[in-house]
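Encoded as structure tokens, the structure appears first; notes follow it.
The values are calculated or read from the model by the stated rules, or taken from the named source; none is laboratory data. Just so we're clear, the structure is a prediction, and the values are computed from it rather than from any experiment. Ideal geometry is used to build each Cβ from the backbone, glycine not excepted, and the neighbour counts take in all protein chains shown.
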Amino acid sequence: MIKERTLVLLKPDSLQRSQVGEIIRRIERTGLKLVALKMLRATEEQLFEHYNKNDGWYMKKGAQRTEQMNAKGQPMTKDVIEYGKDVVRGNVKFMTASPLIAMIWQGNKAIGIVKKIVGGTEPLTSDVGTIRGDLTLDSFELSDSEARAVRNLIHCSDAENAEREMKLWFKPEELFDYRHIAEEILYDINLDGLRE
């Protein structure tokens, strides 16, 4: 468990709004260990593979979007599945607009800890004290009305996708295994390593 790893991507709005240091600080102060970090320009192919959605997902999202359109009296101009695909297309367009920062964090329950710190996907409903709840004010409603991706600063892996996503963004040789002093406090059961 203490070696669990998770991927974090700081999206273009993190860089453009100079929130990189604040976001890293919030994760770092939990005691998780940073084992990989790089700044890069993501490719469209890389992002479509990252989002990894299937037709069922596209249909579900497309149905949600068309329900919203019908409620507002907006005409449908394409198939339901295409509205679902627009969600990923919008994310890809957003994520390629500027460089992003990819990181891997390691530690006990790293996936759950990072998800808790990051908060819910929609900033408007994300809890106070989370990265998304505190540092951005976007909403699904606003992003949908402007036909763009929601600007929520950060992506973090869930348990189902963490391994796949880390392999997509990092080669094994880009991860560092090193001794971090915080591990002595967090994982040394009896603090024997601190005994003088």
Conditions: (1) closer than 30 Å to M69 by Cα; (2) hydrophobic (A, V, I, L, M, F, W, C); (3) surrounded by 15 or more Cβ atoms within 10 Å (Cβ to Cβ). A147 meets all but one. Number of the miss?
-> (3)
Examine the range 10-31 for a residue that is closer than 25 Å to D177 by Cβ, exposed (fewer than 15 other Cβ atoms within 10 Å of the Cβ) and in contact with a Pro (Cβ under 6 Å, 6 or more places away or on another chain), and state whether such a residue exists.
-> no
Single match in M103, M76, M69 (criterion: in contact with a strand residue (DSSP E or B) (Cβ under 9 Å, 6 or more places away or on another chain) and either at pLDDT 90 or above or surrounded by fewer than 17 Cβ atoms within 10 Å (Cβ to Cβ) (or both)) = M103
Go through the residues of the range 59-71 one by one and say whether even a single one is over 17 Å from the mean Cα position of the chain (by Cα), within 19 Å of R151 (Cα to Cα) and not aromatic (F, W, Y).
-> yes
Kindly provide the set of residues from the range 20-47 that are more than 11 Å from L100 (Cα to Cα), touching a strand residue (DSSP E or B) at 6+ places or on another chain (Cβ under 8 Å) and touching a residue at least 60 places away in the same chain (Cβ under 8 Å), ordered by number.
-> I23, I24, I27, L32, K33, L34, V35, A36
Could you check, for the range 81-94, whether at least one of its residues is loosely packed, with under 14 Cβ neighbours inside 10 Å and free of Cβ contacts under 8 Å to residues at least 40 places away in the same chain?
-> no
Looking at this structure, is T136 touching a Gly at 6+ places or on another chain (Cβ under 9 Å), of a type in the set (S, T, Y) and assigned by TED's automatic domain parsing to the domain that holds L10?
-> no
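Yes/no per residue for (1) of a type in the set (D, E); (2) within 22 Å of R29 (Cα to Cα):
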site: R89; (1), (2): no, no
site: M95; (1), (2): no, no
site: V114; (1), (2): no, yes
site: E165; (1), (2): yes, no
site: R179; (1), (2): no, yes
Subset of the range 56-94 that is in contact with an Asp or Glu (Cβ under 9 Å, 6 or more places away or on another chain) and of a type outside the set (D, E, K, R) - its residue that is farthest from Q19 (Cα to Cα) | I81
Looking only at the range 9-38, count how many residues are assigned to a strand (DSSP E or B) and either among the small types (G, A, S) or not assigned by TED's automatic domain parsing to the domain that holds R164 (or both).
-> 1
Scan the range 39-64 residue by residue and report those that are in a helix (DSSP H, G or I) and either of a type in the set (F, W, Y) or closer than 18 Å to S14 by Cα (or both).
-> L47, F48, Y51, W57, Y58
Within the range 118-133, how many residues turn out to be over 16 Å from K11 (Cβ atoms) and either surrounded by fewer than 16 Cβ atoms within 10 Å (Cβ to Cβ) or of a type in the set (D, E, K, R) (or both)?
-> 4
